[in-house]
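The values are calculated or read from the model by the stated rules, or taken from the named source; none is laboratory data. Computed from a predicted structure; not experimentally measured. Backbone-built Cβ (ideal geometry, glycine too); neighbour counts: all protein chains shown.
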Amino acid sequence: MVQARYRTAFQLYPYERVAEQDAATVTRHPVVIVGGGPIGMALALDLGLKGIPALVLDDHDGVGQGSRAICFAKRTLEICDRLGAGQAMVDKGVVWNLGRVYKGEEEIYNFNLLPEDGHRRPAFINLQQPYFEKFLVDRIREKQAEGLPIEIRGQNRVTSVETHADHVALEIDTPDGPYRAEADWLIACDGANSPIRDMIGQGFAGRVFEDNFLIADIRMQAEFPVERRFWFDPPFNRGETALLHKQPDDVWRLDFQLGPNADRKAELDEEKVRGRVRGMIGDDIPFELVWTSVYTFRCCTMDRYVHGRVVFAGDSAHQVSPFGARGANGGIQDIDNLGWKLALVLQGRAPESLIETYHDERKHGALENIRNSSRTADFLTPRSPAHELFREAVLTLARDHAFARPMVNSGRLSVPCVYDNSPLNGGDGLRHPARTRPGAPCPDAPLGDGFLLDRLAGGFTLVGFDTDVPDRVDFDGIEVTGFRVDTDDTIRDRYLDAHAFAVYLVRPDQHVAARWSRYDEAAVAEAVDRATGRA
């Protein structure tokens, strides 16, 4: 829960009256997305690139001010590359791979989140959420000029939802009054306090953490390193924790743990905030306060993410602590999973039951994120003297003993989810390497003048590693394209290990569907049917 005012940073879709508001009949849309944040806009762009018309409704007219999410992970950038917006984000963002952990003033260890070479994207970039959203909308506007079937309506607030077997009926309020619309599918990307969730009577269960944290985004010119710096019990915030990150435009994110009994209003007093900031950066560096807020957090999830024709994604479906950057990054993985499935269903190439597998896979991902976030919260705010004693012992040992460092938990940073035991996973004729088993996202690697993931940016794909596969095969309406890769040491390590050659079937979201030691058309056909919910 964040205590901060909403102010517009970028007015990207100002309100405009549309003909639908005056029509005598109600218009039915294939997809209506409620919520114009990063999750809703990414889904709209993904659907539009697949030829699926979608309408985005947002109760504001652009991007809210304030950094909010700032850490965007490698997998998120790879998804945004597929959408055509990744490069703009990296160009603007602050790239980092290294993190440092301190106890008091002493560094006890550091870590590299991307120790191996051969990836296009870094482990993370820091980029203020308003920019992330703006680059998605910019890409939508660019593609709209080429016929992208996406419409965005600002200051259109959904006030009522009525569910039916084959559609959802909506009432929408605007500055010119209400109107009605219908959707074959309604996707709720309307945040942790989701009005849509309330409208259909669904709950949000989990743990609420009572500790308070202060965010202070400041503008300063300083020679601090570009890395994640995290303190336990620093001299400027005794008994608590603190975090420092660099963002674009000479803006820095400072995060101070306040404790459960903090006076939230008093902590937002400008002079008190400035005092905390000076304690961290020193008295000699001038700075400007850009944005401040006090927040608590919860680790919660809906029981189910699919309710008939209403589907929940991002914070409307699940919420985690900000430590670990698993919120927005997990939400982008949601839409990466949902977009291709929704497109196949709307195109009549897959049964509606395929949408249920979105719940299966992304609930698995959400529970993984919640487990990691809850463990982080317990380490940051020990719940008993025994927990506190354990934390102090771990921090002391971590200075000199590598075995203790994995137990230091300042936030288990976002990694892509592996859909183990997914109903969509096909056969595994290789058994190793484990990192590319069915359900896993494909790791990137250099390929020719580009990278492997560049070639996995469309639909279902067959990749032959040191073996031939067909260029194109149609399996009852599911077109699968293929190409051969002559491997080097990097690709061999990630996809072959000790095998002489291999064939991989890759899903549209770049997750492995199945893999074999050789091409077998019948086996591929069975795996395609399984991966599209037709088996």
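Structure above, values below:
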item	result
Hey, Ile70 modelled with pLDDT under 95, within 15 Å of the chain's Cα centre (by Cα) and either more than 30 Å from Phe224 (Cβ to Cβ) or surrounded by 24 or more Cβ atoms within 10 Å (Cβ to Cβ) (or both) or not	yes
Residues of region 259-292 satisfying the condition of being in a strand (DSSP E or B) and crowded, with 19+ Cβ neighbours inside 10 Å	Val290, Trp291, Thr292
Considering residues of region 380-411 that are in contact with a Ser or Thr (Cβ under 6 Å, 6 or more places away or on another chain) and not hydrophobic (A, V, I, L, M, F, W, C) only, the residue surrounded by the most Cβ atoms within 10 Å (Cβ to Cβ)	Gly411
Any chance Asp198 is assigned to a strand (DSSP E or B) and either modelled with pLDDT under 95 or over 30 Å from Lys92 (Cα atoms) (or both)	no
Residues of region 294-352 satisfying the condition of being surrounded by fewer than 21 Cβ atoms within 10 Å (Cβ to Cβ) and among the acidic types (Asp, Glu)	Asp303, Glu352
Of all residues in region 408-428 being among the small types (Gly, Ala, Ser) and modelled with pLDDT under 95, the one that is nearest to Val394 (Cα to Cα)	Ser410
Verdict on Leu170 being more than 22 Å from the chain's Cα centre (by Cα), assigned by TED's automatic domain parsing to the domain that holds Pro351 and in contact (Cβ under 8 Å) with a residue 40 or more places away in the chain	yes
Pair list, Cβ under 7 Å, 6 or more apart: region 510-535 residue farther than 20 Å from Cys417 by Cα, other residue of a type in the set (Asp, Glu) and modelled with pLDDT of 95 or more	Ala535/Glu526; Ala535/Asp529
Filter pass, Asp444 being outside any helix (DSSP H, G or I), in contact with a His (Cβ under 6 Å, 6 or more places away or on another chain) and modelled with pLDDT under 95	no
Sole residue being surrounded by 23 or more Cβ atoms within 10 Å (Cβ to Cβ), among the small types (Gly, Ala, Ser) and part of a strand (DSSP E or B), chosen from Ala169, Ala183	Ala183
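Residue-by-condition table, conditions (1) out of contact with any Gly (no Cβ under 6 Å at 6 or more places or on another chain); (2) at pLDDT 95 or above; (3) of a type in the set (Asp, Glu); (4) surrounded by 17 or more Cβ atoms within 10 Å (Cβ to Cβ):
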site	(1), (2), (3), (4)
Arg431	yes, no, no, no
Asp449	yes, no, yes, no
Arg472	yes, yes, no, no
Phe475	yes, yes, no, yes
Leu505	yes, yes, no, yes
Pro508	no, yes, no, yes
Trp516	no, yes, no, yes
Val528	yes, yes, no, yes
